[in-house]
Amino acid sequence: MVGVDAGRVAAGAAGRNGGLLLGGAEPAFHDAVADWGAGPAAWLYRATLAELDHLVDVLPAGVVRRAGSLRLAGGVGVDDDERTRELADCAAQAAALREHGIAVEERSGSFGEGLFLPDDAQANPVVRHLGVLAHLQREHGPRVRLHEATRVLRVRPGRVETDRGAVGADVVLVAVDGRLDVLLPQLGGERPTVRTARLQMLATTPLDDDDAARVRERVPCGVYERWGYDYAQLDDGPAGLRLLVGGGRDVDRAAEWTTSTDPTPPVQAHVERVAERLLGRPLRAGDVGHRWGASVGYTAPEAQGRALCGLVDERPGGRVAAVGGYCGTGNLVGAVAARAAVRLLLEGEQPPSCFTPPPAPP
Ligand SMILES: Cc1cc2nc3c(=O)[nH]c(=O)nc-3n(C[C@H](O)[C@H](O)[C@H](O)COP(=O)(O)OP(=O)(O)OC[C@H]3O[C@@H](n4cnc5c(N)ncnc54)[C@H](O)[C@@H]3O)c2cc1C
């Protein structure tokens, strides 16, 4: 097996994300049940939790922190009416999860009010991916060859052309979330199947003891609020405890449909307000240690939040499948989609209907 990546492992969104490892997909569970049907929604929810179990098994202890997640109603810029609507939505989500035997608890505290999902987890995304790479190398040794800093220029059945040479293969899997529409132009165009967007985050510098104590209460695990647009977790690294906050994609929505990964003032200003809310005090000069963005893929609205998984090209020389378009939540869905694509390529098993297929191959 040969893997190629234009950059380095975990240098893209996979290593720059919020680190929340959540059951299910981008639509909340009750919305997925309503739009996709109970069977596909429940299948994907259980598959993502199984993926999480697998990560716990293969990664060193402590990399995955299975502390649950909090979905909170409200947040920065949210008025009382909107918060009440979101609380009602939390209640609908809890009812659907209980109906399917999935653990959920109503919670309120200094962090706000919403739902606690005890099965969920969080991780430092770079540590997670480097750990998975080490596991694959241990398990499969020389059968897995990875070429980093190798940009794919063209994918054809049987042949992948890169800027450092070509790879011949009967089956090819393109597993790229953001910029998938650039690599496979047939998925872009005027009515794109997938579209690249930028998501942004910031990290504080290490917090002093008072800030750390306050923020530990408000961010006891991975937290997301305002319909999931804003999210946060804590990173307890060697330098000390830091708050990591992301979101605000809707603040400047049109500008975030871009392949640029540079952070921007309007979105960063919003993310700063989220950080201030969680810290319980205004940010001061020197509080923000790092700001960044990365590319992710969204499928078209008619896909109703389903990720893309399926064949994009098939000829006598070989077959090409693609996965991506995880709509901002690819940490577990991405792995589930990739496994489904491998079963399609190697065993001919059609991906389940919780995924949206690409347009039929030519
Ligand atoms: C700020 C932010 C926060 C997020 N928070 C969360 C979260 O909390 N929970 C969650 O579940 N998801 C989250 N996501 C989404 C999640 O990070 C992504 O869906 C997931 O990491 C996608 O993984 P990937 O490996 O497909 O994509 P990437 O990590 O982007 O990897 C794609 C790889 O493809 C390579 N590539 C692209 N084009 C080419 C080419 N032409 N040739 C060769 N290689 C190429 C790139 O170099 C890159 O390494 C977040 C994303 C961002 C940006």
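Can you put Val9, Val215 in order, fewest other beta carbons within 10 Å first?
Val9, Val215
Expressed as cubic angstrom per residue, what is the convex hull volume of the alpha carbon set of region 13-123?
It is 126 Å³ per residue.
What number results when the radius of gyration of region 195-301, computed over Cα atoms, is divided by 2.2 N^0.38 Å?
So the Cα radius of gyration is 1.08 times the expected 2.2 N^0.38 Å.
Cut-off 16 Å, label point 7 angstrom out along Cα-to-Cβ of Ser110: give me the residues of region 203-227 whose amide nitrogen falls inside.
207-221, by backbone N distance to the label point.
If I model a spin label at Val342 and Ala38 as a point 7 Å from the Cα along the Cα→Cβ vector, what separation in nanometres do I get?
About 3.2 nm, to one decimal.
Just to check I understand the Karplus step: with θ = phi - 60° and J = 6.51 cos²θ - 1.76 cosθ + 1.60, what whole-Hz values come out for region 21-36, glycine and proline as x?
Those phi angles translate into 10, 10, x, x, 10, 5, x, 4, 3, 5, 5, 5, 4, 5, 8, 9 Hz.
Which three extents, in angstrom, do the Cα atoms of the chain have along their principal axes, listed largest first?
On the principal axes, the chain reaches 62, 43, 42 Å in Cα extent.
In Å, the Kirkwood hydrodynamic radius of region 267-362 over pairs of distinct alpha carbons?
Result for region 267-362, one decimal place: 16.1 Å.
Average the reciprocal distances over every distinct pair of alpha-carbons in region 1-67, invert the result, and give the Kirkwood radius in Å. Mind dumping the intermediate values first?
Working: mean 1/r = 0.0706 Å⁻¹.
For region 1-67, the Kirkwood estimate is 14.2 Å.
Just want the ordering: Met201, Met1, from fewest to most Cβ atoms lying within 10 Å of their own Cβ.
Values: Met201 24, Met1 10.
With the fewest neighbours first, Met201, Met1 line up as Met1, Met201.
Measuring from label point to label point, each 7 Å out along Cα→Cβ, what is the Ala61 to Arg46 span in nm?
Here the answer is 3.1 nm between the modelled labels.
In which sequence would Ser69, Ser353, Ser260 go, from the one with the fewest C-beta neighbours within 10 Å to the one with the most? Show your work: numbers first, answer last.
On the way: Ser69 23, Ser353 15, Ser260 12.
Going from sparsest to densest Cβ surroundings: Ser260, Ser353, Ser69.
I need to check one value: relative contact order of region 13-123, counting alpha carbon pairs closer than 8 Å and at least 6 residues apart, in percent.
36 percent
Using just the helices of the chain, give the 222 nm mean residue ellipticity in deg cm²/dmol: DSSP H runs with n ≥ 4 each add -39,500 (n - 2.57), and the total is spread over all residues, rounded to 500.
Theoretical 222 nm ellipticity from helices: -10000 deg cm²/dmol.
What value does region 191-242 have for Rg/Rh, both radii from Cα atoms and Rh as Kirkwood defines it? Mind showing how you got there, number by number?
On the way: Rg = 15.0 Å, Rh = 13.1 Å.
Expressed as Rg/Rh, it is 1.14.
Quick one: net charge of Ala197's neighbours, Cβ under 15 Å, K/R +1, D/E -1?
Details: positive: Arg16, Arg179, Arg195, Arg198, Arg249, Arg253; negative: Glu26, Asp177, Asp181, Asp250, Asp252, Glu256, Asp262.
Result for the neighbourhood of Ala197: -1.
Roughly how many Å is it from the Cα centre of region 273-288 to that of region 128-174, as a whole number?
Here the answer is 41 Å between Cα centres.
Using the alpha-carbon atoms, what tilt in degrees (0 to 90, nearest 10) does helix 265-279 show relative to the longest principal axis of the chain?
Tilt relative to the chain: about 50 degrees.
No value in this document is a laboratory result; all are computed from the given coordinates. Since the model is a prediction, treat every value here as computed from it, not as a measurement. Ideal geometry is used to build each Cβ from the backbone, glycine not excepted, and the neighbour counts take in all protein chains shown.
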